Amino acid sequence: MSAQRATIHHLDSGSSEFPKTEVAKGATLETGSFAPAPCMTCHDSGMEVVPGKGARRCHCRLEQQQLKLLERSRIPRRYENCTLANYRLASNNGSQLQAFNLAFKLVSEFPSVDRGLLFIGPVGVGKTHLSVAILRELIEKTGASCLFYEFGSLLKEIQNSYSPISQISELTVLLPVIEAEVLVLDELGATKPTDWVRDTMMQIINARYNDKKLTIFTTNYLDRRRSERDETLEDRIGVRLRSRLFEMCRTVEVEGEDWRRRFDRVEM
Ligand SMILES: [Zn+2]
């Protein structure tokens, strides 16, 4: 797998996006046709002949593979264009810069990375943006299998699988979550922490921990209490799970005003 990744990475550098179709001057571009243009490099054979070196997989097949990985990653449409390059740093926000740097480092060093990231912070500081950006960059650079789940939706899908009329089993839902090379679990702690929720979270996270799989979490719950009424992350997910996350991830606290609101204001 690592050899294949290295090849993909190597071939990617400098290769164009997609085979471009020539359009004659004055011609009208037809819309509504989605048939892919034939590949000018390999004429759709999938193999490219490199003079003096032999044959290698054509870039068009690698791009198709990346598209498949992106489709399977379940990145929500709302976040589908999030990259590291378009992560907007508020000025004078050291914690955002630190979060960005750690995301960048993880992408650069993957697969030689033994700990994931836990982004802690209020709504709107870009935790989900950074997490999605990591998945996208890893798919594009390494061909790793990546998966995104909002934790609450995952729990709902598991619950739905218990229904007698369900077409899918619990295992069908859980297997990709446990097996993905890199998993993002967004909004950890947002679901009301019943015993079942905690057991299920523990089961998923332990399975990934035992397999040494990389997981990136986001949560709105802080580790420390700011007021009497505040709930901490530990209150929401339990002591055992919080301490497991310490082992699996670097904790990054992202502070700052809600940048979505701030930038909306600027752009108006
Ligand atoms: Zn080709």
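The values are calculated or read from the model by the stated rules, or taken from the named source; none is laboratory data. The structure presented is a predicted model; accordingly, all values stated were derived computationally and were not measured. Here the Cβ is made from the backbone with ideal geometry for all residues, glycine too, and neighbour counts use every protein chain on show.
Annotations
- In the stretch 79-92, residue farthest from residue 149 (Cα to Cα) [restricted to those that are under 13 Å from the mean Cα position of the chain (by Cα) and not aromatic (Phe, Trp, Tyr)]: 84
- Residue check, residue 227 in a loop (DSSP other than H, G, I, E, B) and among the polar types (S, T, N, Q): yes
- When we screen 250, 244, 208, 225 for residues that are modelled with pLDDT under 95 and assigned by TED's automatic domain parsing to the domain that holds residue 155, the only hit is 225.
- Odd one out for residue 139, checked against (1) surrounded by fewer than 20 Cβ atoms within 10 Å (Cβ to Cβ); (2) part of a helix (DSSP H, G or I): (1)
- Out of 174, 118, 188, 102, one residue alone is touching a residue at least 24 places away in the same chain (Cβ under 8 Å), surrounded by fewer than 23 Cβ atoms within 10 Å (Cβ to Cβ) and under 23 Å from residue 240 (Cβ atoms). It is 174.
- Filter result for residue 147 (within 19 Å of residue 115 (Cβ to Cβ) and surrounded by 12 or more Cβ atoms within 10 Å (Cβ to Cβ)): yes
- Taking helices (runs of 4 or more DSSP H) as the structural unit, those lying wholly within the stretch 1-116 and holding at least 3 residues that are under 28 Å from residue 179 (Cβ atoms) and either at pLDDT below 90 or within 16 Å of the ligand (Cβ to nearest atom) (or both) correspond to 2-12, 59-72.
- Selection within the stretch 152-171 - surrounded by 11 or more Cβ atoms within 10 Å (Cβ to Cβ), among the polar types (S, T, N, Q) and without any contact (Cβ under 8 Å) to a residue 12 or more places away in the chain: 153, 159, 160, 166, 169
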